[in-house]
Structure formats: C-alpha cells, structure tokens
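In what follows, a single structure is set out as structure tokens and then discussed.
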Number of protein chains: 2
Amino acid sequence: MRGALAPVVTPFRADHAVDLKNLERHCRWLIGKNCGLAVFGTNSEGNSLSVEEKIAALDHLVEAGLPPARMMPGTGHCALPDTIRLSKHAVGLGCGGVLMLPPFYYKGVSDDGLFDAVARVVDGVADERLRIYLYHIPPVAQVGFSVDLIGRLIRAHPRVVVGIKDSSGDFSHTRRLLAEFPGWGVFCGNELDLLEAMGEGAFGCISATCNVNAGNIAALAADWRSPEAAARQKAVNDVRRAIAAFPMIPALKAVAGRFYGDDGWRAVRPPLTALGRSAREKLFAALAGLDFSMQTPAAAEVAAA
Amino acid sequence: MRGALAPVVTPFRADHAVDLKNLERHCRWLIGKNCGLAVFGTNSEGNSLSVEEKIAALDHLVEAGLPPARMMPGTGHCALPDTIRLSKHAVGLGCGGVLMLPPFYYKGVSDDGLFDAVARVVDGVADERLRIYLYHIPPVAQVGFSVDLIGRLIRAHPRVVVGIKDSSGDFSHTRRLLAEFPGWGVFCGNELDLLEAMGEGAFGCISATCNVNAGNIAALAADWRSPEAAARQKAVNDVRRAIAAFPMIPALKAVAGRFYGDDGWRAVRPPLTALGRSAREKLFAALAGLDFSMQTPAAAEVAAA
C-alpha cells in the first residue's frame, strides 16, 4: 500500500445505525480520487463502532465492488479477542492490511506486554496474508509503540508487521522512524509535511482531511517529485489548518454534508457532538476560496464529469 | 447495593480463555466473605474481555447459583452498541446494577457528549430495572464524569443513575461528591479512607484489594461504627500498601494463585505481564505477618471451617 488513505468518516442514519449506502458512496468518491480506504480509523469514529458493525460495513463495501486491496481497516480493540476476530475477517475479505491500535485501556503498560499482544494477534489470526500497520497515536490512545518495540516487532514478524501510521503529531518522530527503518512502510498521520516525508522514504499519509481533500492530497503523494509539489503542499496545508481549527470529525462531516447535499451526514455518535450552525458557517467561511476536493457540490462534480 | 465489592480478578486457562470454573470458585469465596461482585472492572481486566466473553461469564455465574443481586458488572465500552448490549444482558439476568465507564477512546470530549452517551444507553437498554453506577477513573480511562455532569445525569435519570465508583485517587474528590449528592450511592474506589467516607455517607467501597482481603474490608464497611473500626482501617491499609507497591492486577493474581494452590491464576492477558518469581517473593515477604483474608491457603481455610 502506498499513497494517500482516508480514515473514512462514518455516516449514521437517523436511527443511529451505520449508513451503509452513504458510506459506500463516500468510499467510491475516495477511490475515484485515488485515495485508499482506512475505514474504522480514529476519524471514522471507528472506536465507537462494535465489531459486528465493522464486519457488516466491510462486507457491504466489498460486496458493493469496492477494492479490498485498497482497504486498511482499523482493527485494534482493547480486548484481543475482538482485534483477532476483526483482523481475521478483514484478511479473509482480502483487505490490503489492517491498521492496528495497541490495546489502549490499560495505561503505563510495558513494551513486553505490547509485544505479547501483537504476538497473540498474529497467532490468533493465523493467516499468512495478514499485514499489520501499527497505529501509533499516543495523543488519543495514550498507549503507543516505542521505537525499540517497533524494531522488536519487525524482527519477530518480518512479513506481517509491515508498516506504521505515525500520528504522534511530531514530524521529528516520523523522521526518526524513516531513518531507523528504511524501506519499511511509514505513513504520516497527516499531510502537513508530506513532501518532505516522501523525500525521506515515506510510503504516503493516512490523513483525516483526505475525506474532503482526497484528490489534492493523493496527487501530492503520487507526484511529490513534480515542480508543482511545493505549491500543492502549501495549498493542502491551508485547507488542513482551516479545518483543524474546529473539532476534526464534526468538521469533516459538516463539509461532507454540504458536498453530498445531505444533512444526515452531520450526525456523530456520542461522546462526540456535531458542529452547530454558527461553527459550520465559520468553517465554510474559512474554506471559501481555498482549493480542495469537496469544494463543489457532488452533483455539480458529477454533471461536469 | 452497599458495603464492599471486589472488581473480581479474572482467571485465564492455558489456552487464554476465561477460566469459568476458577472464576466461579473465587466469586463463591468473595460472597462467603460478604463481598459483592463487581466483575469486569478495571482490576478484572474487564477491558481485555470481549462482550461475548463477559456474557458467557455472567451466564455461567448466575447459572452456578451466585446471586445476581450482588453483581455490579462493568459494562462500559468505547462503542455504545457494546455498552447497551452488555448492560441489557446484565439487567435481564437480574444484576443489582452496572458499573459504567464512559466511552473512553476519544479524549477531551464535552459533558454534553457524555450526557448524550448515557442517554443513549438508557434508551437502548429500555428496561426500568436498569441501575447505573458511573465509573469515574480518570487516571486510567482519561475520560471522567465532572461533578456538574453527574448532577445533570441524576436530574435526567433519577431512578437509573443511582451511584458512582470514585476512582479519582483523590479522597477530597470523594468528599466533594458525598457533600454534593447526599443520600446518593457514592462508593470509594479503594478502602484507604473507608471509615471516614462511611461517616460522611458513603455506601461502601469497590476495591481491587477486596480480591485478597474481602473479609476484613467487608467487615470494616459493615461495622464502621464499632470500636474496632480504627484498628481495622489501619490493618487493611497496611495490606493495601504492601500490594500496591507492585503492579496491582498481577500482584492480586499472584496472591490468589498461592491461596488456591494453582499457578494458572497468575496468568494475565496482554498488554499486562505477570509478576516474575523475584517480585512474587518480595510481595509475599511484604505480606508476611499482615492480617488479610487470603493469608492461609484455601485448603486450610476449608479444613478449619
């Protein structure tokens, strides 16, 4: 897996269930923009979904013809039986990889304990097609993968532990991973330093804002050597910063709701809360005039195609 | 519910499954010491168990004749459908209450979002027998219930939101809850200040160390007005401090393993790691001479009875 992936935002129906039709539609749009599908990531509200909901959604997307090879579902739960069950299902569907949080309820756990957790998943899934991308996001999960632990995991499971999403929020940490593990699958957790990261060997980025700016970010990841890359980096960063001034998930859903012409998109699952009207208006004002992929309504985009 | 409850430590078999027989045996011992069963709490490794494992364990315990009215299973998951499903099952079995963590993956969430989460659970369980004890443990879950939010929840669900386990680790916070919500079900998260708390209206404590010191802590909670209470408080605190010098869950399991004469008890689920031999020896040395309920082997206790 290479390039840009979106932690696909998850739409909900009025009865609070996952809106599979709208999820499928959004995944099609992302794939059409050359953006991979990291469904059930943090920005997907993946941790607010049950294993059963995730299995049903994955099944739906694959049956709808979306390419499992471009999917990297989040499968890391607090309880290893859940992580194993969901990872096994994803592998069975042919998913290109799984994005795995460490067990994150217990804090201050040792590298040995996390090493054992990964080993249990590898043993439990028991399928040589399993490809794990470690999900390092200490600002949210609080539990992360140390550089030393990553090295141990790569040595113990060289064909399975194939990469990482670095959502440390610290680009110097991403650089350190790139230097320590050359040729290994390091993905940035956002696009802010993507150009520089690609130059140092990154495989791409898995970024929340891909949900609304998929085309531009995917193009930057693909054509990072082009003369336009520097200007494109600046443009995607302007969009990122405009959105990141608001709570990320509700903001992405507000933009998606406007794009698809469907207010139902705004719904988030508690403990999150949707953006109110005034915040939405401020967000849209901040985005006005910026070049991003959900700029025009979806209907106009279809008409133009 | 009143008195002392244990977040019952969960034994595992060699194949990593929950050891239902040993769990049942330990629950019988706790009930025999007048200690309630807060199964699936933090110290139960409750967050390392799947919903299916918890349902199977609850079913087993109730079928084995243990009293559901003395059970307060932990039912709070990151995903509300899981919380609802498990809480509904517990209510259906007649459990006296559920101990509910807030959804704890997303950090920095608002009181409004947590208020909505509880409302979703109340609506989803849709059973007037539901009794929720809020589980406030910010040192681990990172997400807690503010005093203001607790007040809002009590006013919105007066017959459902009936109490709290305060594992803030700060007795002044417990005191504040006792003062703000007189007559409401405040349980201390440990026994260190139990005597004082009972005098100020606490309902009891839900404490890890009940697993190995059930009789003494339950007696302190029941007879806190007795002349022996002060000496008993000092004695239980000495035991608590001796154990808390080690990682709590592995230490409790080491003591249980010695008590039941079964090394299998020592197993923990990753990301936790078991105590090594040297730590176990130090722990047993620290406990030597202290008065606690698992002092003698279980066999000797049975023989003496």
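Which one of these is under 15 Å from the mean Cα position of the chain (by Cα) and among the β-branched types (Val, Ile, Thr): B:Val18, B:Val9?
B:Val9
Checking the structure you have, find out if any residue of segment B:272-293 is free of Cβ contacts under 8 Å to residues at least 40 places away in the same chain, open to solvent by less than 30 Å² (accessible area, probe 1.4 Å), outside any helix (DSSP H, G or I) and over 20 Å from B:Ile217 (Cβ atoms).
Yes, segment B:272-293 has at least one match.
Among the candidates B:Ala235, B:Ala222, B:Ala245, single out the residue that is at pLDDT 95 or above, open to solvent by 20 Å² or more (accessible area, probe 1.4 Å), farther than 23 Å from A:Asp111 by Cα and in contact with a Lys or Arg (Cβ under 9 Å, 6 or more places away or on another chain).
It is B:Ala222.
Report the residue count in segment A:126-151 for those that are touching a Gly at 6+ places or on another chain (Cβ under 6 Å) and assigned to a helix (DSSP H, G or I).
2
Of a type in the set (A, V, I, L, M), in contact with a strand residue (DSSP E or B) (Cβ under 6 Å, 6 or more places away or on another chain) and surrounded by 15 or more Cβ atoms within 10 Å (Cβ to Cβ): does that describe B:Ala298?
When the stated conditions are applied, B:Ala298 does not pass them.
Please return the ranges of helices (runs of 4 or more DSSP H) entirely within segment B:167-224 where 3 or more residues are in contact (Cβ under 8 Å) with a residue 40 or more places away in the chain.
B:210-222
Quick grid of which residues meet (1) in contact with a helix residue (DSSP H, G or I) (Cβ under 6 Å, 6 or more places away or on another chain); (2) more than 13 Å from chain A (Cβ to nearest Cβ):
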position	(1), (2)
B:Glu63	no, yes
B:Gly74	yes, no
B:Ala90	no, yes
B:Gly97	no, yes
B:Phe104	yes, no
B:Asp112	no, no
B:Asp127	yes, yes
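Just checking, which of A:His157, A:His136 is under 23 Å from A:Gly183 (Cα atoms), more than 14 Å from chain B (Cβ to nearest Cβ) and either small (Gly, Ala, Ser) or out of contact with any strand residue (DSSP E or B) (no Cβ under 7 Å at 6 or more places or on another chain) (or both)?
A:His157
Quick check: is even one residue across segment A:224-240 within 30 Å of B:Pro103 (Cβ to Cβ) and over 18 Å from the mean Cα position of the chain (by Cα)?
No; the residues of segment A:224-240 include none that is within 30 Å of B:Pro103 (Cβ to Cβ) and over 18 Å from the mean Cα position of the chain (by Cα).
Residues to consider are A:Val162, A:Val147, A:Val143; find the one that is within 13 Å of chain B (Cβ to nearest Cβ) and open to solvent by less than 40 Å² (accessible area, probe 1.4 Å). Lay out the reasoning, then the answer.
Values: A:Val162 fails: within 13 Å of chain B (Cβ to nearest Cβ); A:Val147 fails: within 13 Å of chain B (Cβ to nearest Cβ).
Result: A:Val143 is the single residue among A:Val162, A:Val147, A:Val143 that is within 13 Å of chain B (Cβ to nearest Cβ) and open to solvent by less than 40 Å² (accessible area, probe 1.4 Å).
Looking only at segment A:262-305, how many residues end up being acidic (Asp, Glu) and either modelled with pLDDT of 95 or more or within 19 Å of A:Glu45 (Cα to Cα) (or both)? Break it down into steps so the answer makes sense when it comes.
Step one: list which residues in segment A:262-305 are acidic (Asp, Glu), which gives A:262-263, A:281, A:291, A:301.
Now restrict to residues that are either modelled with pLDDT of 95 or more or within 19 Å of A:Glu45 (Cα to Cα) (or both): A:262-263, A:281.
Qualifying residue count for the region: 3.
On the basis of being touching a Cys at 6+ places or on another chain (Cβ under 8 Å) and within 27 Å of A:Val143 (Cβ to Cβ), does B:Ile137 make the cut?
Considered against the rule, which asks whether it is touching a Cys at 6+ places or on another chain (Cβ under 8 Å) and within 27 Å of A:Val143 (Cβ to Cβ), B:Ile137 comes out as no.
The values are calculated or read from the model by the stated rules, or taken from the named source; none is laboratory data. Remember, it's a predicted structure, so these values are computed and weren't measured experimentally. With ideal geometry, Cβ positions are generated from the backbone for all residues, glycine too; neighbour counts draw on all protein chains shown. With ligands, DNA and RNA removed, areas are computed over all heavy atoms of the protein, side chains included. Shrake-Rupley method; radii C 1.70, N 1.55, O 1.52, S 1.80 Å.
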